[in-house]
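> Before anything else, here's the structure in question.
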Amino acid sequence: MSHTAEIIAVGTELLLGNIANTNAQVLSESLSTLGINVFWHTVVGDNPDRLREALDIARRRADIIITTGGLGPTYDDLTKQTICETFHQKLTLHPDILDDIRTFYESALHVPMPENNTQQAELPEGCTVFDNPVGTAPGCAFECEGVHVLMFPGPPHEMTTMLRRCGEPYLRKLSKEVIVSRDIMTFGMGESSIDELLHEKMAHMTNPTLATYAKPGEVRLRATAKAATEEEAQAMLNPVWDLVCETLGDVVYGVDVSGLAECCHSLLLLKGLTLATAESCTGGLVAERMTAIPGASAVYRGGVVSYWTSVKGAVLGVPQETLDTYGAVSEETARAMAEGVCRITGADIGVSITGVAGPDPDERGVPVGIVYIGLATPEGTFCRKVDFGRRRRDRIQGLAANHAFDVVRRWLTGLPVETV
């Protein structure tokens, strides 16, 4: 039997935009791996009448309702009470849970338990209790008239801990299927172009399915299959991977990787090579993404942020004649920057970025959006010129960093470097 779930997040602060609803994302990812369909996300404030209305709607269209928030000890924490009224469940005091809450206050916080925390130990009669080792609010689950209701606390760390320890085992018993997804990552082709090439095939897929999701400068294709076992679902996805690679070619750079930086890190490790960076308009963004990867020190030597033209000459060794003749934003300077950072760091490969991120053209009149990516390798030095147009400054910087990683990725895999 296929189950359908609705997630209801309770909290006025969510509606006001004071905090992001990260719990819904975590829950949806978890439910998808368990083979449970999530068709609705609802957010409702700390208001019993509106929560009751949301619950009435949810119970008519879903057989699993998951709530987050509103399990605290304060006057507006009314999720549990409202749910029990809606589903005609009796609240009863659990003395063992009350002892746990009191111990938490005395041992972890070194203060007596406030009396209003007693209501946190009141749970639906006969429910499955979800303990909370990192907070005071327990969660729970019960079934009523074919609908399973699960309650989790609102703080993300508490919710995630409880979900992994208690929620997932409970839900796993309900589902007889698993859903497996694989993210196929591409760079160098827009979402509309990819959709045009794959639309006919995607439109006729039911299981597995394939969908596109645009990210800044790249496109992710998510292939999803539902089957009785994970092995069966994985086998169903293999032909989808083959189809995408055959259709899109070398714009596909990986599967289930976080981005181009991780792809380059893996390739550098595989080939036993090291990388260094020389950045101007991106201000160290490539270095930041590289060093965010655990184990980056095995392949990344270091970098130079040469924002001033004088630093390009004094530190990276770009000849003054090159700077005077061609300017700081030029192919010649990009090549020299890449070669220079290899020389001073001893890296096998050096990638450089010099361009105009805006808001104004540079002193030579080079327009906003022009960027040069240099790549120095043992086989020679290359350069890619990109015109991003007049975009936001941060967008140009992010796209330029992506292109730098793509240049490295393409050289490491034997692909042409200078064009996308």
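> Go through region 307-398 and name the GluC sites (Glu not before Pro) that are in a DSSP coil and have 12 or fewer other Cβ atoms within 10 Å of their Cβ.
Working: sites: Glu321, Glu331, Glu332, Glu339, Glu363, Glu379; in loops: Glu363, Glu379.
Counting only loop positions with at most 12 other Cβ atoms within 10 Å, the GluC sites (Glu not before Pro) in region 307-398 are Glu363, Glu379.
> Using only Cα atoms, find the angle between the long axis of helix 22-33 and the longest principal axis of the chain, and express it within 0 to 90 degrees, rounded to the nearest 10.
90
> Shifting gears a bit: Going by alpha carbons, how many degrees (0 to 90, nearest 10) lie between the helix axis of 48-61 and the longest principal axis of the chain?
Taking the Cα atoms of the chain, the angle to 48-61 is about 80 degrees.
> Further question on the same structure: How much mean residue ellipticity at 222 nm does the chain get from its helices, if each DSSP H run of length 4 or more adds -39500 (n - 2.57) and you divide by all residues, to the nearest 500 deg cm²/dmol?
Values: 15 runs with 158 residues, N = 420.
Calculated at 222 nm, the ellipticity per residue is -11000 deg cm²/dmol.
> In Å, what Kirkwood hydrodynamic radius results for the chain from the alpha-carbon pair distances?
Evaluated over the chain, this radius sits at 25.0 Å.
> Kindly report the accessible area of the chain per residue (heavy atoms of protein chains, probe 1.4 Å, no ligands, DNA or RNA), in Å².
I get 46 Å² per residue for this part.
> Also: Quantify, in whole percent, the carbon and sulfur part of the accessible surface of region 24-167 (1.4 Å probe; protein heavy atoms only).
Carbon and sulfur together cover 52 percent of it.
> What is the ratio of the Cα radius of gyration of region 310-420 to 2.2 N^0.38 Å, with N the residue count, to two decimals?
That works out to 1.02 for region 310-420.
> Oh, and also: List the GluC sites (Glu not before Pro) within region 140-225 that DSSP assigns to loop and that have no more than 11 neighbouring Cβ atoms inside 10 Å. Walk me through the intermediate numbers first.
Working: sites: Glu143, Glu145, Glu158, Glu177, Glu191, Glu196, Glu200, Glu218; in loops: Glu145, Glu177.
Here the GluC sites (Glu not before Pro) that fit, given the DSSP loop and packing criteria, are Glu145.
> Run the reach check for Lys226 against lysines, Cα to Cα strictly under 29 Å, same-chain hits fewer than 8 apart removed. What comes back?
Excluding near neighbours in sequence, the set is Lys173, Lys176, Lys201, Lys215.
> Given region 42-180, what whole percent of its Cα pairs are spread farther than 26 Å?
21
> Hey, another quick one. State the percentage of accessible surface on region 241-284 attributable to carbon and sulfur atoms; use a 1.4 Å probe and exclude ligands, DNA and RNA.
C and S fraction of accessible area: 52 percent.
> Taking region 1-122, how much of its Cα-Cα pair set, in percent, is spaced more than 18 angstrom apart?
More than 18 Å apart: 60 percent of the Cα pairs in region 1-122.
> In the neighborhood of Asp348, defined by Cβ-to-Cβ distances under 14 Å, what is the net charge if each Lys or Arg adds +1 and each Asp or Glu adds -1?
Taking every Cβ under 14 Å from that of Asp348, the sum is +1.
> Another question, then. Would you pull out the residues with amide H under 5 Å of Gly45's amide H, same chain only if 5 or more places away, H placed 1.01 Å from N?
Answer set, sorted by chain and number: Gly11.
> Of the DSSP beta bridges with both residues in the chain, give the percent that are antiparallel, rounding to the nearest 5.
60
> Exactly which chymotrypsin sites (Phe, Trp or Tyr not before Pro) in region 34-129 are in a DSSP loop and have at most 11 other Cβ atoms within 10 Å?
Within region 34-129, the qualifying chymotrypsin sites (Phe, Trp or Tyr not before Pro) (loop, at most 11 other Cβ atoms within 10 Å) are Tyr75.
> Taking Cα atoms, how many degrees apart are the long axis of helix 393-412 and the longest axis of the chain, rounded to 10 and kept between 0 and 90?
70
> Quick check: at a probe of 1.4 Å, how many percent of the accessible area of region 303-420 sits on carbon and sulfur atoms?
Carbon and sulfur together cover 50 percent of it.
The values are calculated or read from the model by the stated rules, or taken from the named source; none is laboratory data. Treat the numbers as computed from the prediction; the structure is a model and nothing was measured. With ideal geometry, Cβ positions are generated from the backbone for all residues, glycine too; neighbour counts draw on all protein chains shown. Side chains included, ligands, DNA and RNA excluded: accessible areas come from the protein's heavy atoms. Shrake-Rupley method; radii C 1.70, N 1.55, O 1.52, S 1.80 Å.
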